[in-house]
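Each remark here refers to the structure printed beneath this line.
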Amino acid sequence: MAGSTCGFEIILTPDKGKCLRATRKFRKGEAIIEESPLISCQFPWNAFYGYRACSHCLRPLETAEECARRLADDPTITLPYPEHCSILKSLTAQVKCPVCGVAYCSESCLTEAFQKYHKTLCKLKTPLQGLLEMWRNMHYPPETCSIMLIAKIFATVRQAGNPTEILSILREFQSEDVCNRIYHKILGEQFVEQLATLHEYMKSIFIEPIYAELLSPENFKALFILVGRNGQGIGTSSFAAWQKNLEKVDIDDRASLENDIATLYDKFEEFSGSFLDVEGSGLYVVQSKLNHSCLPNAEIKFPHSNHTLMISAVKDIEPGEEICISYLSECLLNRSRHTRHKFLKENYLFVCQCELCTSQIADPDVTSSEDEDEEAMEADEQETSKASNAMETLDIN
């Protein structure tokens, strides 16, 4: 898909599978690529609790102030420096599908969605509401993926001029050798009955012959693995964007501002729980080839407050170097080699052999503080799962 003219190439390695390798030098802070997803969708629980976002690109349909008021359940909140909100009040007007009422941020998003998948989903509004309710009863926050990603894949295949091409793109994620182990890890034996229920319900919705291949038991399982393991968390919060914008501005009393923001986070925690800047998830062909390093040379951002991501360099990257990000939260990344390895092995089924891990090979296997802090470890795992930074390659058979 991407060649050396882009500044990187996708190569196949014997130990890591597919990965991204730089073909030119990237300077610290330089954008490596911007990529839109094959499919993206809002997390069902976020939609259920009233977060307004474009159904296609996930752009917020609420200002930073409106976001803060919702998260704190406090209509009296007034944010300073409203001019630094990325989502202006004039841009939060919704454009709705005239048939089913699904909201978009613009006519162009409505048109693109309709041409790509919404024409099919629009006719299935009632059964899809049943599917989402079923999903919410099975999958509680913090969310890591959505059954709607699979539904949108089905609809995209239905509307594609060449469905074989879409299926071929999906196969770009395949990693057949770990399929069964990932299935067991992500879903677990306790989820077998629920997966079967979802499968039967999907078959009752998508009944045309074109869906037969996707609805075979093995391919449905593989699709579920795909969205669960390759889904990239998408951060589009207008409040988080406002806060980040203020970091670049000269503020006379920054200490007071930071104290006020900390107070807001306390209110968010009290009413909404831990606030994380992740609105939904998407499937990205190039991003899915990024491997992990505990000393990453790249990171993922969402600079446009929508589902278009940017991979950018966090340090200089030389030609021939692999481009890597971290799959771990910042908190986990700063912990011991033993703790990092434990999390990566349990969630991504690999033993990290990056430069940092190799240099720490003689370190003790366990630290007492980490053993005693199981609650903190679980919180870190939830943060990383929710952020879902790029994952290893995987797809359907």
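The values are calculated or read from the model by the stated rules, or taken from the named source; none is laboratory data. Source: prediction; values computed, not measured. Reconstructed Cβ throughout: ideal geometry from the backbone, glycine too, with neighbour counts over all protein chains shown. All accessible areas refer to the heavy atoms of the entire protein, side chains included, with ligands and DNA or RNA removed. Shrake-Rupley method; radii C 1.70, N 1.55, O 1.52, S 1.80 Å.
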State all residues of the range 268-299 that are closer than 29 Å to LEU223 by Cα, of a type in the set (S, T, N, Q) and not in a helix (DSSP H, G or I); if no residue qualifies, say none. SER281, ASN291, SER293
Considering each of THR126, THR63 in turn, give the residue that is modelled with pLDDT of 90 or more, more than 24 Å from the chain's Cα centre (by Cα) and of a type in the set (S, T, N, Q). THR126
Test set (1) more than 27 Å from GLN194 (Cα to Cα); (2) outside any helix (DSSP H, G or I) - GLU165 fails condition number: (2)
I'd like the full set of residues that are out of contact with any Phe, Trp or Tyr (no Cβ under 9 Å at 6 or more places or on another chain) and either surrounded by fewer than 20 Cβ atoms within 10 Å (Cβ to Cβ) or not in a helix (DSSP H, G or I) (or both), limited to the range 221-232. GLY231
Select from the range 343-364 the residues that are open to solvent by 40 Å² or more (accessible area, probe 1.4 Å), closer than 13 Å to TYR327 by Cα and part of a helix (DSSP H, G or I) and list them in ascending order. LYS345, GLU346, ASN347
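Take TYR49 and tell me if it is surrounded by fewer than 18 Cβ atoms within 10 Å (Cβ to Cβ) and either closer than 27 Å to ASP252 by Cα or at pLDDT 95 or above (or both).
Judged against the criteria, TYR49 is not a match.
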What are the residues in the range 268-296 that are open to solvent by 10 Å² or more (accessible area, probe 1.4 Å) and either touching a Gly at 6+ places or on another chain (Cβ under 6 Å) or farther than 25 Å from PHE224 by Cα (or both), if any? GLU269, GLU270, PHE271, SER272, GLY273, SER274, PHE275, ASP277, VAL278, SER293, LEU295, PRO296
